[in-house]
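Notes follow once the structure below has been shown.
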Amino acid sequence: MDRLRCGILGATGIIGQRFVQTLTRHPWFDLVSLYSSRADGKRRYEGTVNWLLGPEVPSSVSDIVLSEYGSILTGRKDVDVVFSALPADTAQKLERKAARKGIHVISNSSCHRMDRDIPLMVPEVNGDHLKLLDGRKDKGILVTNPNCTTVGLVMPLDPIRDLIEGEVHVSSYQAISGAGYPGVASLDIYGNVVPFINGEEEKLIEEPGKIMGSLKGGSIRSSPLKVVPNCARVGVKDGHLVSFSARVEKGTDADDIIKLIGAKKGLKGLPSAPERPLVYRKERDRPRPDLDSFSGDPPGMVVSVGRVRVDDGMLRAFSLVNNTIRGGAGNAVLIAEQCKREGYL
Ligand SMILES: NC(=O)c1ccc[n+]([C@@H]2O[C@H](COP(=O)([O-])OP(=O)(O)OC[C@H]3O[C@@H](n4cnc5c(N)ncnc54)[C@H](OP(=O)(O)O)[C@@H]3O)[C@@H](O)[C@H]2O)c1
């Protein structure tokens, strides 16, 4: 298999750093370019980035001279694929244009997630949606990664979707790292819970329907799944905890749900795919961010589920997603791996 040259847009941010961590040791992709608005032709990655993922910036990228974002639009193909970790307004100006120039884009930004021609992917849930790209006009592909909390919800709902009746009520307890760096002011979050995250509930309302929708006649028909969310920021570093409840088909008990969740198989032959993407924690006080945020192999790619109960036809449960890995860079790299294996990259 030919290796692909890749770059990261927004390489200095929290998701950008997770991309660096994942891609510096990737068997299929060579990380060759890092993009920043602070690029001046001389600045290196080390010395510019405020590295948060360990004692040292990985040596293979520390000396990379940062490139300007606009350089992906020049038509010079320094990279085959870019992973985008940009805020939505900056991404909006770059991502489609880059795809038209022939650069493949896998994006974490929200700006194109709901566009009708763009796949919004969790590979284990809706891998078939990549077919949306068949017959595309742009030379490069553009594929998007969902909102981090959406990932933590759709992964456990996927294997039980046929049992759910009516709306799904959701409360999220979201980590500080979900707000990027420097993120939320310490005086707002230390010892506190903030019951508002700008734009988050809107994303949780619209994205699950697209991801769990079906591909018909070259477009996605949204699932009728209705999500009723409440989102809060909590003083936790990594890992979004999600509680969900829904009415389930008559006769369903907790064991039925637990079996379906435990039986969900991973994707074979993709380096970032865990053997089982969902793990059920049977302890009465799990999952929790401090113990379960880095579950799985690769770490952080498994969504943990626990406290499944069914009483009077109502299911209640918790899930936990690592927001920067399965909810961010890790899921995006898994999408790229699937795209490469299926010949889209
Ligand atoms: N954090 C998460 O858990 C998470 C999960 C899923 C998706 N996302 C999405 O991923 C993207 C990146 O999030 P993040 O958490 O990594 O954010 P972040 O820590 O704030 O990093 C964003 C990076 O984008 C660059 N940038 C370019 N234009 C910018 C502008 N106008 N304002 C601010 N930064 C700008 C900055 O790098 P330079 O200064 O070097 O240009 C910055 O380091 C966002 O779209 C976010 O919604 C985040």
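Since every read-out is calculated from the coordinates, none of them should be taken as a lab result. All values derive from a computational prediction rather than experimental measurement. Counting neighbours? That spans all protein chains shown, and the Cβs are built from the backbone with ideal geometry, glycine included.
A Cβ-based charge dipole, computed about the Cα centre of the chain with Lys and Arg at +1 and Asp and Glu at -1, lands at about 740 debye.
Taking 20 Å as the limit for the C-alpha separation, the pairs Lys203/Lys226; Lys77/Lys139; Lys139/Lys268; Lys93/Lys226; Lys210/Lys259 exceed it in the case of Lys139/Lys268; Lys93/Lys226; Lys210/Lys259.
Nothing charged except the Cβ atoms of Lys and Arg (+1) and of Asp and Glu (-1): what's the magnitude of the dipole of region 170-246 about its Cα centre? Round to the nearest 20 debye.
320 debye
Between Val194 and Arg316, the simple label model (points 7 Å from Cα in the Cβ direction) yields a spacing of 2.9 nm. With a Förster radius of 22 Å applied to the C-beta separation of Ser245 and Asp285, the computed FRET efficiency comes to 0.75.
Short-range pairs are left out: with C-alpha atoms under 8 Å and at least six residues apart, the relative contact order of the chain is 17 percent.
Selection among Met301, Pro277, Leu345 by position relative to the dipole of the chain gives Leu345 as farthest towards the positive end (Cβ unit charges, Cα centre).
Shown in residue order for region 48-55 are the 3J(HN,Hα) couplings computed by the Karplus curve 6.51 cos²θ - 1.76 cosθ + 1.60 at θ = phi - 60°: 10, 6, 8, 5, 10, 9, x, x Hz (x for Gly and Pro). For Arg43, Arg25, the sequence from fewest to most other C-beta atoms within 10 Å is Arg25, Arg43.
Per-residue ellipticity at 222 nm from helix content only, as computed over the chain with -39500 (n - 2.57) for each DSSP H run of at least four residues, stands at -6500 deg cm²/dmol. Basic side chains Lys and Arg get +1 at the Cβ, acidic Asp and Glu get -1 at the Cβ, and with that the dipole of region 148-322 about its Cα centre reaches some 360 debye. Taking the Kirkwood radius as Rh and the Cα radius of gyration as Rg, region 148-322 has a ratio of Rg/Rh equal to 0.97. Taking Cα atoms only, the orientation of helix 200-211 departs from the longest principal axis of the chain by about 90 degrees.
Assuming 0.36 nm per residue, please report the length gained on full extension of the stretch Lys268 to Asn50 beyond their Cα-Cα distance.
Additional length available on full extension: 74.9 nm.
Only one residue of Leu157, Thr24, Val193 has its Cα farthest out toward the positive end of the dipole of the chain, where Lys and Arg carry +1 and Asp and Glu -1 on Cβ, and that residue is Thr24. Using a cutoff of 8 angstrom between alpha carbon atoms and counting only pairs six or more residues apart, the relative contact order for region 148-322 works out to 28 percent.
A full extension of the chain between Arg341 and Arg5 corresponds to an added length of 119.4 nm, given 0.36 nm per residue minus the alpha carbon distance. For the peptides 315-323, 1-9, 244-252, residues were scored by their other Cβ atoms within 10 Å and the scores averaged per peptide; the highest-first order is 315-323, 1-9, 244-252.
Its Cα gyration tensor gives the chain an equivalent ellipsoid. The semi-axes, each the square root of 5 times an eigenvalue, are 33, 23, 18 Å from largest down. Whole-Hz ³J(HN,Hα) for each residue in region 30-42, computed from phi via Karplus 6.51 cos²θ - 1.76 cosθ + 1.60 with θ = phi - 60°, x for glycine and proline: what do you get? My calculation for region 30-42 gives 9, 7, 10, 9, 10, 10, 8, 6, 8, 4, 9, x, 10 Hz in order.
D by Stokes-Einstein for region 109-158, Kirkwood Rh over Cα pairs, 25 °C, 0.890 mPa s: 212 µm²/s. Restricting region 95-174 to trypsin sites (Lys or Arg not before Pro) that sit in a DSSP loop and have at most 13 other Cβ atoms within 10 Å of their own Cβ leaves Arg116, Lys137, Lys139. Among the GluC sites (Glu not before Pro) found in region 1-104, those both in a DSSP coil and sparsely packed, with 14 or fewer other Cβ atoms within 10 Å of their Cβ, are Glu56. Exposure proxy for His112, His169: other Cβ atoms within 10 Å of each Cβ, ordered fewest to most, give His169, His112.
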